[in-house]
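K.L.:
Once you've had a glance at the structure underneath, I'll fire off some questions.
The values are calculated or read from the model by the stated rules, or taken from the named source; none is laboratory data. Here the structure is a predicted model, which means the values were calculated and not measured. Cβ atoms come from the backbone with ideal geometry, glycine included; neighbour counts cover every protein chain shown. Side chains are part of the model used for accessible areas, which takes the heavy atoms of the whole protein and leaves out ligands, DNA and RNA. Shrake-Rupley method; radii C 1.70, N 1.55, O 1.52, S 1.80 Å.
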Amino acid sequence: MINVSKKCIGCNKCVPVCPFAAVQLIDKKAVINEACTLCGACVQVCPVQAIEITREEGATRDLTGHKGVWVFVELMENHDKTKHSHKIRPVTFELLSIGRKLADELGEELAAVLLTDKNAGFEKELGAYGADKVYLVENPELYEYNTDIFSTAIIALTHKHKPSAMLYGATIMGRDLAPRVASCLYTGLTADCTGLAIKDGLLLQSRPAFGGNIMADILSPKSRPQMSTVRPNVMKLAEPIYGKIAVTVREDIKIDKSLRRVKVLERKLIHDKGSVKIDEARIIVSGGRGMKTKEKFKQLEEICQLLGGVVGASRGAVDMGLKDKAHQVGQSGTTVSPKLYLAFGISGAVQHIVGMKASDIIVAVNKDPNAPIFNVAKHGVVGDAHEIVPKLIEALKKQK
Ligand code: FAD
Ligand code: SF4
Ligand code: SF4
């Protein structure tokens, strides 16, 4: 329910921000009509807190009519091009891959939600990865990410189409956007899911809890949409079916720039040649506490250069100062899924494993035959890393 109290001073600020033209000024007072979707955009601009939204308690909420699995399409700067342009962030395809399975199990539709200033035929790629439909909002105000603008558009779409579940990447953008949407919709959000499935028609959201020592299964039976964020590289990517184009549904949502509370004054793009792109690496050579010294750890960089990979590290190695945090793989570091993951002197604690178990081939070197890392390794070498690493470097050099 939405209500305008006597505090209203007729300032007119709420009228232009409403995406549904649901507010009018009548006799210098704001009056809200039945087109209101309770998106909350007007509440945040009112200078005297005259607008109040009261939400229904979970037990009494009407959940009928909520159908379909939605995936938020995250766009990123396309640095390959000289002109300002965007491309789809890979985590979107991973979400569509799992979203397809969930939607099939529910017998419902999979939709991608695309907010952009200019659509560049993205529906082709989104369709190839499983989307049946693309809800497209094209508006100059969507030229770059902004919490207020993006959340208002998503909330408006959600009220209109009532999805049952919605997935976001657990990226900087997704971690900012999803909680904002969840709180405005008065629904729950499970962050950093590592598993998603359907149980009795509900979204079963699994994520590590208590420092990764147990897996928690979370259900949201009383609210919709059921919302999750999922880290990049956690969900297996499906094979794209090119030629399967998603149906594009253009949504004309009014977006007023006065909603934007944060303004970007200046943008600086720093081109760091040595920057770590561990989440996108195809080969990762990782070291743990067993590498013991900085000098010995440095030898892993040589293997990387010879193989064309990126250096990774366990938290043990990071805590010892052998490598900086940007290289940390695991629950409190980065989740990776390279083709090849080499682990030297890493024990294989659960918090490390959750961050690299999706790698195609894992090779572990550890002097302890009972080290848990061997449980996930395809190839295991029981031996001293300090003897094996120099020999490997020598062998790779000979091959070059
Ligand atoms: P250790 O467990 O000390 O293992 C060292 C291994 O090296 C041993 O197996 C040993 O046999 C082997 N070794 C020793 N010498 C040699 C040698 N000469 N040759 C070959 N092998 C040798 N950890 C992460 O990695 N990433 C995370 O993101 C992360 N997040 C965490 C979040 C929380 C909330 C908590 C509580 C913990 C987290 N941890 C994380 C820490 C994790 O529990 C482990 O402590 C850590 O992974 C251990 O690092 P390690 O394997 O390098 O060290
Ligand atoms: Fe318009 Fe949203 Fe305010 Fe309703 S809550 S009047 S839809 S801005
Ligand atoms: Fe009234 Fe607030 Fe709307 Fe201004 S923004 S017209 S004070 S309800």
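K.L.:
Just to check, using Stokes-Einstein with a Kirkwood Rh over alpha carbon pairs, what's the diffusion coefficient of segment 2-54 at 37 °C and 0.692 mPa s in µm²/s?
P.N.:
Answer from the Stokes-Einstein relation: 307 µm²/s.
K.L.:
For the chain, what does the alpha-carbon gyration tensor say about shape, rounded, prolate or oblate, given a ≥ b ≥ c as the root eigenvalues, a/c under 1.5 as rounded, and a/b over b/c as prolate?
P.N.:
Prolate, since a/c reaches 1.5 and a/b exceeds b/c.
K.L.:
Across segment 333-347, in residue order, what do the Karplus-derived ³J(HN,Hα) couplings come to in whole Hz, using 6.51 cos²θ - 1.76 cosθ + 1.60 with θ = phi - 60° and x for Gly and Pro?
P.N.:
x, 9, 8, 10, 8, x, 5, 10, 10, 9, 10, 10, x, 10, 6
K.L.:
Report the antiparallel proportion of the DSSP beta bridges in segment 69-256 as a percent, rounded to a multiple of 5.
P.N.:
Of the beta bridges lying entirely in segment 69-256, close to 35 percent run antiparallel.
K.L.:
Run the lone-cysteine check on the chain: no other Cys C-beta under 4.7 Å from the residue's C-beta.
P.N.:
By the Cβ distance rule, which asks for a partner under 4.7 Å, the isolated cysteines are C8, C11, C18, C36, C39, C46, C184, C193, C304.
K.L.:
Each residue of segment 241-257 in order: what ³J(HN,Hα) in whole Hz does its phi give by Karplus 6.51 cos²θ - 1.76 cosθ + 1.60, θ = phi - 60°, with x for Gly and Pro?
P.N.:
Those phi angles translate into 10, 5, x, 8, 9, 6, 6, 9, 10, 6, 10, 9, 9, 6, 10, 9, 5 Hz.
K.L.:
What figure in square angstrom, to the nearest 10, would you give for the accessible area of E394 with a 1.4 Å probe?
P.N.:
Its heavy atoms expose roughly 110 Å² to the probe.
K.L.:
In the neighborhood of V91, defined by Cβ-to-Cβ distances under 13 Å, what is the net charge if each Lys or Arg adds +1 and each Asp or Glu adds -1?
P.N.:
Around V91, the surrounding residues sum to 0.
K.L.:
Sequence-distant or interchain residues sharing an amide H contact under 5 Å with V310, placed H: which?
P.N.:
I283, I284, V285
K.L.:
Of all alpha-carbon pairs in segment 243-400, indicate the percentage at a distance above 28 angstrom. Intermediate results must be reported in sequence, preceding the final value.
P.N.:
On the way: 4047 of 12403 pairs.
Every Cα pair in segment 243-400 considered, those over 28 Å come to 33 percent.
K.L.:
Then there is this: Can you tell me the order of 29-42, 280-293, 5-18 when each peptide is scored by its average per-residue count of other Cβ atoms within 10 angstrom, highest first?
P.N.:
In decreasing order of mean packing, 29-42, 280-293, 5-18 become 280-293, 29-42, 5-18.
K.L.:
Here is a further query. Where both partners of a DSSP beta bridge lie in the chain, what percent of those bridges are antiparallel, to the nearest 5?
P.N.:
30 percent
K.L.:
Work the Kirkwood hydrodynamic radius out for segment 58-213: mean of 1/r over every pair of different alpha-carbon atoms, inverted, in Å. All intermediate terms of the calculation are to be shown ahead of the outcome.
P.N.:
Working: mean 1/r = 0.0615 Å⁻¹.
Every distinct Cα pair counted, the radius reaches 16.3 Å.
K.L.:
Based on the mean of other beta carbon atoms within 10 Å per residue, what is the order of 214-222, 44-52, most packed first?
P.N.:
44-52, 214-222
K.L.:
For T194, what residues show an amide H to amide H distance below 5 Å, using hydrogens built from the backbone and excluding near sequence neighbours?
P.N.:
Under 5 Å from the amide H of T194: S206, R207.
K.L.:
While we're here: Let me have the 222 nm mean residue ellipticity of the chain computed from DSSP H runs of 4+ only, each contributing -39500 (n - 2.57), with the sum over all residues rounded to the nearest 500.
P.N.:
Result for the chain, helices only: -7000 deg cm²/dmol.
K.L.:
Could you sort the peptides 186-197, 381-392, 236-247, 353-364 by per-residue average Cβ neighbour count (10 Å cutoff), highest mean leading?
P.N.:
353-364, 186-197, 381-392, 236-247
K.L.:
If you roll a 1.4 Å probe over the chain with all protein chains in place, what percent of the accessible area is carbon or sulfur?
P.N.:
53 percent
K.L.:
Which of the listed residues, P338, I253, G130, is farthest toward the dipole's positive end in the chain, when Lys, Arg count +1 and Asp, Glu count -1 at the beta-carbon?
P.N.:
It is P338, whose Cα lies furthest towards the positive end.
K.L.:
Per residue, how much accessible surface does the chain expose to a 1.4 Å probe? Answer in Å², no decimals.
P.N.:
Numbers: 20390 Å² over 400 residues.
Using a 1.4 Å probe on heavy atoms only, each residue of the chain averages 51 Å².
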